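Only one structure is covered here, and it is reproduced in the block below.
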């Protein structure tokens, strides 16, 4: 047993991991969710997409001409669900159990959808500087790193976020304009993206404006392919 494993055992003894949804103490070898919440999570993945008529985990909807994959629907308010709890908790605290669970789920999704026939670089849609300062981390960055480790792919932070206007406060049209101005791919990163196949990750997609703004910059920089990936898509979002 190495030092990290020993430390984990000690921490788990004094601070046993709890379910990230209902907060009950987890059984041994459980990851992030108790059995009841895990069953609810699996059921939520099978909710039908109102656009393509398939379960979200098998959804065939695209974002413009980009391939797009996600696990779950996201109901922003007035709807209690395990997936909503996990996504909100990931924004608020950097739980390694939760990030590892989400990374494993996304890796399983990509394998099941036949996406991994090539080697990809894992990158992400960055959070605003104000949000990072407020919470101390970027949840999509942590998830991108964990997913890269899970798949043994390279991780690269290719984009930066300038400005502090939050997308969720804007109308759909305003989101597009704000996203186009907010995400920056500098010259060094643009050179690195050239010829690469890139999986671009975000936690939740609503209109897709942020993802599209980032994906278009990567494509203009010469990326060979950009695949879009998120944990969830807002259930009321338009196609």
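Quick one: in the range 42-234, what % of C-alpha pairs are over 26 Å apart? Counting every Cα pair in the range 42-234, those more than 26 Å apart make up 26 percent. A crude spin-label estimate for the pair residue 135 and residue 27, with each label 7 Å from Cα along the Cβ direction, gives 3.1 nm. With a cut-off of 17 Å, note down the residues of the range 119-157 whose backbone N falls inside the zone around a label point 7 Å from the Cα of residue 188 toward its beta carbon. Label zone hits: 155-157.
Using the Cβ-Cβ distance between residue 60 and residue 235 with R0 set to 22 Å, the FRET efficiency works out to roughly 0.85.
When only C-alpha pairs under 8 Å and at least 6 residues apart count, what is the relative contact order of the range 92-154, in percent?
Across the range 92-154, relative contact order equals 48 percent.
Quick one: grab the alpha carbon gyration tensor of the range 82-134, order the square roots of its eigenvalues as a ≥ b ≥ c, and give me rounded if a/c is under 1.5, else prolate or oblate depending on whether a/b is larger than b/c. Note, shape of the range 82-134 comes out oblate. Placing a label point 7 Å from the Cα of residue 94 along the Cα-to-Cβ direction, the residues of the range 124-159 with a backbone N closer than 13 Å are 132-146. Peptide packing: for 104-112, 193-201, the average count of neighbouring Cβ atoms within 10 Å per residue gives the ranking 193-201, 104-112, highest mean first. In terms of its alpha-carbon gyration tensor, the range 32-116 comes out prolate; a/c meets the 1.5 threshold, and the first ratio a/b outweighs b/c. Relative to the current alpha-carbon distance between residue 117 and residue 224, full extension at 0.36 nm per residue lengthens the span by 37.1 nm.
All of the numbers you see were taken from the coordinates with simple rules; none came from a lab. These numbers come from a predicted model, not from an experiment. Note that each Cβ is placed from the backbone with ideal geometry, even for glycine, and that neighbours are counted across all protein chains shown.
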